[in-house]
Amino acid sequence: MLGSAAIIHIHMKNIVILISGSGSNMAAIVQAAQREAWADRLGAKVAAVISNKADANGLVFAKKQGIATEVLDHKAFASREAFDAALAGLIDRYDQPQAPVLVVLAGFMRILTPVFVGRYAGRLVNIHPSLLPAFTGLNTHQRAIDAGCKFAGVTVHQVTNVLDDGQILAQAVVPVLPMDTAVTLATRVLTQEHLIYPRAIAGLLQK
Ligand code: GAR
């Protein structure tokens, strides 16, 4: 007889995380997956971390965790389409018919083509450091300060072909304090990012 805690997941769902830089959100997701036993409880694991920059610090952390890492330098490709096709080729190594890969953008600073977005529709998520639909694009924290916002925050959302659009999966709010700079506000928001992104992904995996 099986013990009560034994859940056998025949098809382990792979999570592939795309980064461009420090990868602190990626690390938060990896740590949550370990702490919360996603493999046993949710039948999912972080299978690979892919960066478009060879010097992305997050790669060091991922390697130390024994996670497969890949670097795909966008500058080596003649077009956005060619880069995205190569990226999809890497991701699809982790895709399985019975367990479609979940693609997680975690500070991946690339605009993706419609073909790429369409390929992973419904299983492609992003974190954006603003309370969407406010402040899509770059420099979100400085723009929130300049606009006199009293609150700022972060959004986890499904990715569509419209920049920083798509169904909102989670948000967190932080105050904007009188002495805030873009750096101090970003730090406060990032703390919340590390809480809501793993939670939102776990929520998706439970569906
Ligand atoms: C995070 O603040 C994330 O929200 C933001 O980049 C940072 C990456 O940090 N993403 C975007 O601006 C996407 N438009 P991390 O590499 O430490 O996770």
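The values are calculated or read from the model by the stated rules, or taken from the named source; none is laboratory data. The model shown is predicted, which means the values in this text are computed figures rather than measured ones. A quick note on method: Cβ atoms are made from the backbone with ideal geometry, for glycine too, and the neighbour counts reach across all protein chains shown. Remember, those area values only see protein heavy atoms, side chains included, never the ligands or the DNA or RNA. Shrake-Rupley method; radii C 1.70, N 1.55, O 1.52, S 1.80 Å.
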Restricting to region 122-144, name every residue that is more than 10 Å from the ligand (Cβ to nearest atom) and open to solvent by 70 Å² or more (accessible area, probe 1.4 Å).
PRO133, GLN142, ARG143
Taking VAL176 and the conditions (1) more than 15 Å from the ligand (Cβ to nearest atom); (2) open to solvent by less than 40 Å² (accessible area, probe 1.4 Å); (3) touching a residue at least 40 places away in the same chain (Cβ under 8 Å), which numbered condition does it fall short on, given that it satisfies the others?
(3)
List every residue pair whose Cβ atoms lie under 6 Å apart, where the two residues are 6 or more positions apart in sequence or sit on different chains, the first residue falls within region 72-91 and is surrounded by 16 or more Cβ atoms within 10 Å (Cβ to Cβ), and the second residue, located anywhere, is of a type in the set (Ser, Thr, Tyr) and at pLDDT 95 or above.
ASP84/THR113
Unmet requirement for LEU185, which otherwise passes all of (1) within 15 Å of the chain's Cα centre (by Cα); (2) open to solvent by less than 20 Å² (accessible area, probe 1.4 Å):
(1)
Given (1) farther than 18 Å from LEU169 by Cβ; (2) under 15 Å from the mean Cα position of the chain (by Cα); (3) within 16 Å of the ligand (Cβ to nearest atom), where does ALA33 come up short, assuming only one miss?
(1)
Could you list, in sequence order, the residues of region 195-207 that are crowded, with 16+ Cβ neighbours inside 10 Å, within 13 Å of the ligand (Cβ to nearest atom) and closer than 18 Å to LEU132 by Cβ?
ILE196, TYR197, ALA200
If we keep just the residues of region 46-64 that are part of a loop (DSSP other than H, G, I, E, B), within 11 Å of the ligand (Cβ to nearest atom) and of a type outside the set (Gly, Ala, Ser), which is farthest from LEU18 (Cα to Cα)?
ASN57
Which condition from (1) away from the ligand (no atom under 16 Å from the Cβ); (2) open to solvent by less than 20 Å² (accessible area, probe 1.4 Å); (3) not hydrophobic (A, V, I, L, M, F, W, C) is the one that THR155 breaks?
(1)
For ALA147, all conditions in the list (1) under 30 Å from ALA85 (Cβ atoms); (2) small (Gly, Ala, Ser); (3) surrounded by fewer than 18 Cβ atoms within 10 Å (Cβ to Cβ) hold save one; what is the number of the exception?
(1)
Of everything in region 158-173 that's touching a residue at least 40 places away in the same chain (Cβ under 8 Å) and within 14 Å of ILE201 (Cα to Cα), which residue is nearest to the ligand (Cβ to nearest atom)?
VAL159
GLY21 passes all but one of (1) surrounded by fewer than 16 Cβ atoms within 10 Å (Cβ to Cβ); (2) within 15 Å of the ligand (Cβ to nearest atom); which number fails?
(1)
Anything in region 35-45 that is assigned to a helix (DSSP H, G or I) and closer than 15 Å to MET12 by Cβ? List them, or say none.
TRP38, ALA39, ASP40, ARG41, LEU42
